[in-house]
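Working notes, structure below.
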Amino acid sequence: MLKDIGSMFEEELKEEMASLGEPAYRAGQIYKWLQSGIKSFDEMTNISKKLREKLVENYYISFASIEKKLISAYDDTRKYLLSFPDGEAVESVLMKYHHGYTSCISTQVGCKMGCTFCATGKSGFSRNLTASEMLSQLRAEQEDANIRISNIVLMGMGEPLDNYENVLRFLRLVSSEKGMNIGMRHISLSTCGVVPRIYDLAAEKLQLTLSVSLHAPNDQIRSRTMPINRKYGIDELLRACRYYIEQTGRRISFEYAMIDGVNDSDACAAELASRLREMICHVNLIPVNTVGGTGYKKSRMDRIKSFISVLEKAGITATVRRTLGSDINASCGQLKRAYKKEEKTE
């Protein structure tokens with residue numbers, strides 16, 4: 001079985017070279033080529049043909065191909081449908097801010113979590129992505145747009161903490177000085193609340209930003225919209241969040257999708273404020289995206305403003321997420337669903 005060479009650390013490559021009877025310095029050469037984004041061993045021009053043949057026999061290089069690209073007429077946001085050699089596809093979004101370019105990438109093909117307001121979950125779950133497949137999304141975007149990505153958000157398709165080991169490997173590779181060298185403070189990881197893994201992540205002390213998809217002030221509403229809450233209730237989740245803050249000193253961002261008539265009342269805001277009191281946190285309000293079959297509608301702006309007012313009076317910082325790529329459905333899951341429908345009709 002071929003090994004995923006692009007997901008290996010340089011030290012692991014040294015061990016692989018030793019197993020092939022090659023000197024250790026070859027690992028550094030190969031690692032440098034892999035970080036440059038090559039798609040074939042033949043591109044390693046300073047490696048002998050004999051060694052390249054050994055590499056072909058034992059390893060493979062992951063890369064992402066652009067199947068479809070949408071560019072917003074409003075703000076130059078780019079949404080990509082990217083495919084891998086096995087035929088699976090994921091979405092990523094490249095966003096331009098005043099401080100640089102941010103990429104929102106996927107960590108799984110599909111998702112198991114089943115959140116009722118999310119388009120990704122409606123396509124089911126296929127498999128986890130490897131670290132190299134996560135890296136390849138960034139490289140495909142950079143090559144296509146001819147830019148350098150400075151910030152990463154793991155908030156695309158999938159639940160990052162459900163693919164913990166691969167995500168952790170990706171984080172270490174992408175932040176490596178010999179790699180893309182994107183510091184942890186420029187990386188955000190979003191989770192719907194896989195509590196045991198929040199404790200594991202806290203122990204790593206990576207200094208990234210943890211974003212928790214809360215979306216409700218109590219178990220009754222959250223269990224109805226997010227099935228994971230039936231396993232890890234809000235009290236248990238917030239205990240883990242407090243522990244994460246204590247261990248890392250990092251502020252947590254709570255994502256809150258504003259759904260008309262479901263979770264956007266002043267009473268919901270007051271209950272949310274009560275639960276988050278004295279936490280080092282920020283609430284990011286997100287007008288819910290329209291996803292077919294859910295019946296959900298985004299909250300009115302006056303309702304959102306009232307919700308913010310209640311939170312701020314309680315000392316909770318809250319903002320409304322800036323909408324980018326609104327004309328191209330820049331939230332993840334919808335482009336792939338349309339792509340799958342096209343495949344079935346061909």
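The values are calculated or read from the model by the stated rules, or taken from the named source; none is laboratory data. Values in this document were obtained by computation on a predicted structure and should not be read as measured data. Positions of Cβ are backbone-derived with ideal geometry, glycine not excepted, and every protein chain shown enters the neighbour counts.
Structure above, values below:
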| read-out | value |
| --- | --- |
| Test: Thr345 is closer than 30 Å to Val90 by Cα, out of contact with any strand residue (DSSP E or B) (no Cβ under 9 Å at 6 or more places or on another chain), surrounded by fewer than 16 Cβ atoms within 10 Å (Cβ to Cβ) and at pLDDT below 95 | yes |
| Residue satisfying all of: in region 1-58; assigned to a loop (DSSP other than H, G, I, E, B) and touching a residue at least 40 places away in the same chain (Cβ under 8 Å); farthest from Phe170 (Cα to Cα) among these | Leu2 |
| Meets criteria (among the hydroxyl-bearing types (Ser, Thr, Tyr), in the same structural domain as Ile245 (by TED's automatic domain parsing), closer than 30 Å to Ile30 by Cα and surrounded by fewer than 19 Cβ atoms within 10 Å (Cβ to Cβ)) for Tyr199 | no |
| Residue in region 164-182 that is closer than 25 Å to Gly110 by Cα, among the hydroxyl-bearing types (Ser, Thr, Tyr) and crowded, with 21+ Cβ neighbours inside 10 Å present | no |
| Among (1) in contact with a strand residue (DSSP E or B) (Cβ under 9 Å, 6 or more places away or on another chain); (2) under 23 Å from Phe170 (Cα atoms); (3) of a type in the set (Asp, Glu), the one test that Asp200 misses | (1) |
| Residues within region 246-259 that are surrounded by fewer than 17 Cβ atoms within 10 Å (Cβ to Cβ) and either at pLDDT below 95 or under 17 Å from Ser213 (Cβ atoms) (or both), tallied | 1 |
| Of residues in region 284-301 being surrounded by 15 or more Cβ atoms within 10 Å (Cβ to Cβ) and either touching a helix residue (DSSP H, G or I) at 6+ places or on another chain (Cβ under 6 Å) or not polar (S, T, N, Q) (or both), the one modelled with the lowest pLDDT | Val291 |
| Flag for Gly121 being surrounded by 15 or more Cβ atoms within 10 Å (Cβ to Cβ) and closer than 16 Å to Met155 by Cα | yes |
| Residue selected from region 159-212 under the condition acidic (Asp, Glu) and touching a residue at least 24 places away in the same chain (Cβ under 8 Å), by the criterion farthest from Met113 (Cα to Cα) | Glu204 |
| Pick from region 34-51, criterion of a type outside the set (A, V, I, L, M) and surrounded by 17 or more Cβ atoms within 10 Å (Cβ to Cβ), ranking: farthest from Leu129 (Cα to Cα) | Phe41 |
| Test: residue in region 275-283 that is modelled with pLDDT of 95 or more, assigned to a loop (DSSP other than H, G, I, E, B) and not basic (Lys, Arg) | yes |
| Residues that are polar (S, T, N, Q) and modelled with pLDDT of 95 or more, drawn from region 302-326 | Ser306, Ser309, Thr317, Thr319 |
| Candidates Ile245, Ile228 - the one that is out of contact with any helix residue (DSSP H, G or I) (no Cβ under 8 Å at 6 or more places or on another chain), under 14 Å from Cys192 (Cα atoms) and in a helix (DSSP H, G or I) | Ile228 |
| Only listed residue being modelled with pLDDT of 95 or more, within 21 Å of Phe125 (Cα to Cα) and either buried (at least 17 other Cβ atoms within 10 Å of the Cβ) or under 23 Å from the mean Cα position of the chain (by Cα) (or both), chosen from Ser103, Ser83 | Ser83 |
| Matching residues, region 111-134, being part of a helix (DSSP H, G or I) and of a type outside the set (A, V, I, L, M, F, W, C) | Thr120, Gly121, Lys122, Ser123, Ser132, Glu133 |
